[in-house]
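What follows is one structure encoded as structure tokens, with my remarks underneath.
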Amino acid sequence: MPSDTETLGFVVIEAMSSGVPVVAVNAGGVKDLVSHGSSGFLARTDDDMKEFTEYVRSLLGEAGREKRAQMGVEGRKWAERWSWETATSILRNIQYQRAIQNHRDRLALAERPQGEDDSWKAEEEAILRKQFDLYRPDLA
């Protein structure tokens, strides 16, 4: 999955359901689906896809047989835990709560005076980092 703009990645879930290891870029919604080194590989996007290509090569042929099998089993196990109920539970119990808290944090920051004292910037950066937490079905 070389796309860095994919937001859901059904093809990734389908591959994992079929026991096929995934090589994807570490971006978009796909990064929440693949456990790097376990069910597949997540590659950087800032190196002209060299890392992505190397991950694909490492799974090819006789040399990659054992790793393909291992990743396929792990991907299948992961996919079996997903259901609409699980996805909805994550959305409702984790992601919505996080979005509400992020909104409250942003409002609190907006009310702070932004004069010469820039100490609020470190707190804002910490809040922004929280927004990029990964949500996995095993955390629901």
(message) Anything in region 52-68 that is among the hydrophobic types (A, V, I, L, M, F, W, C) and more than 22 Å from the chain's Cα centre (by Cα)? List them, or say none.
(response) Leu60, Ala63
(request) Provide a single number: the residues in region 1-23 that are touching a residue at least 40 places away in the same chain (Cβ under 8 Å) and on the phi < 0 side of the Ramachandran plot. (result) 10
(request) Pull up region 109-126, narrow it to residues that are surrounded by fewer than 13 Cβ atoms within 10 Å (Cβ to Cβ) and of a type in the set (A, V, I, L, M), then point me to the one that is modelled with the highest pLDDT. (result) Ala110
(message) On the basis of being farther than 24 Å from Pro2 by Cβ and charged (D, E, K, R), does Glu74 make the cut?
(response) no
(message) What are the pairs with Cβ atoms under 9 angstrom where one residue, in region 84-108, is β-branched (Val, Ile, Thr) and the other, located anywhere, is in a helix (DSSP H, G or I)? Sequence gap at least six, or different chains.
(response) Thr86/Pro137; Ile90/Pro137; Ile90/Leu139; Ile94/Leu139
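The values are calculated or read from the model by the stated rules, or taken from the named source; none is laboratory data. Fair warning: this is a prediction, and the values are worked out from it, not measured in the lab. Counting neighbours? That spans all protein chains shown, and the Cβs are built from the backbone with ideal geometry, glycine included.
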